[in-house]
1. Once phi is turned into ³J(HN,Hα) by the Karplus curve 6.51 cos²θ - 1.76 cosθ + 1.60 with θ = phi - 60°, what whole-Hz value does each residue of the stretch 107-118 show in order, with x for glycine and proline?
2. Suppose the Debye formula is applied to equal point scatterers at every Cα of the stretch 85-145; what is log10 I(q)/I(0) at q = 0.14, 0.24 Å⁻¹?
3. Convert each backbone phi in the stretch 76-91 into a coupling constant with the Karplus relation 6.51 cos²θ - 1.76 cosθ + 1.60 (shift: θ = phi - 60°), then list the ³J(HN,Hα) values in order as whole Hz, x for Gly and Pro.
4. Among all stretches of the chain without exposed GluC sites (Glu not before Pro) (DSSP loop, at most 14 other Cβ atoms within 10 Å), which one is longest?
5. Just report the Cα centroid separation between the stretch 32-67 and the stretch 81-152, whole Å.
6. Pop out the ³J(HN,Hα) list for the stretch 53-63 in order, Karplus 6.51 cos²θ - 1.76 cosθ + 1.60 with θ = phi - 60°, rounded to Hz; leave Gly and Pro as x.
7. Working from Cα positions, state the angle (0 to 90°, nearest 10) between the long axis of helix 27-37 and the longest principal axis of the chain.
8. At each listed q (0.23, 0.28 Å⁻¹), what is the log10 of I(q)/I(0) that the Debye formula gives for the stretch 6-73 modelled as equal alpha-carbon point scatterers?
Amino acid sequence: MTAATTAEEPMALAAARLRTVGMRVTAPRMAVLTAVSNSAGHLDADTLRERAQQITGHLSLQATYNVLRALTDVGLVRCTQIPGQPARYEAERHDNHHHFVCRCCGGIRDVECTVGAAPCMEPQLPEEYDIQEAAVTFWGLCPDCRAAALAS
Ligand SMILES: [Zn+2]
Ligand SMILES: [Zn+2]
């Protein structure tokens, strides 16, 4: 694969996805969306900014946040807030998945929802509440940290 195809094809794809949701296509939006789409997920704004800058040139952290918020609002990006950590971003797949966070290394991995459609739990709330989703974070030790803890 040549450098041209690696740089241009994801950008064209990003532009098409922006148009699909009715967003104006701008270089920062294409670059940030490409950075999110090309990652394995769960990156913070600072890391995404660095990656987007490799595509589009200088991008301020504030501009990166603004783009990420706009992409989250239209459902192209999913933002996950984990206490004690910066917000993490990943491509929105509408699969209602949850997250496991390692208390030791901070690693995050997806946990498929075993129940299915959102909301995947039935909280005890009056029926006047319109519950749309359940955000579940599982905390514990990842296999590496668990092995290290057992070995020490
Ligand atoms: Zn760990
Ligand atoms: Zn995830």
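Any read-out appearing in this document is the output of simple, stated calculations on the displayed coordinates, not a laboratory observation. On a predicted model such as this, the values are computed, not experimentally measured, just so you know. Glycine gets a Cβ as well: all are built from the backbone with ideal geometry, and neighbour counts include every protein chain shown.
1. x, 10, 9, 6, 10, 4, 6, 7, 9, x, 5, 6
2. Treating every Cα as an identical point scatterer, log10 I(q)/I(0) equals -0.50, -1.06.
3. Going residue by residue, I get 8, 10, 10, 10, 10, 9, 10, x, x, 10, x, 4, 10, 10, 8, 5 Hz, with x marking Gly and Pro.
4. Here the longest segment lacking exposed loop sites spans 1-111.
5. 23 Å
6. 5, 5, 8, 10, x, 4, 9, 6, 5, 4, 4
7. Roughly 40 degrees, rounded to the nearest 10.
8. So the normalised log intensities work out to -0.96, -1.41.
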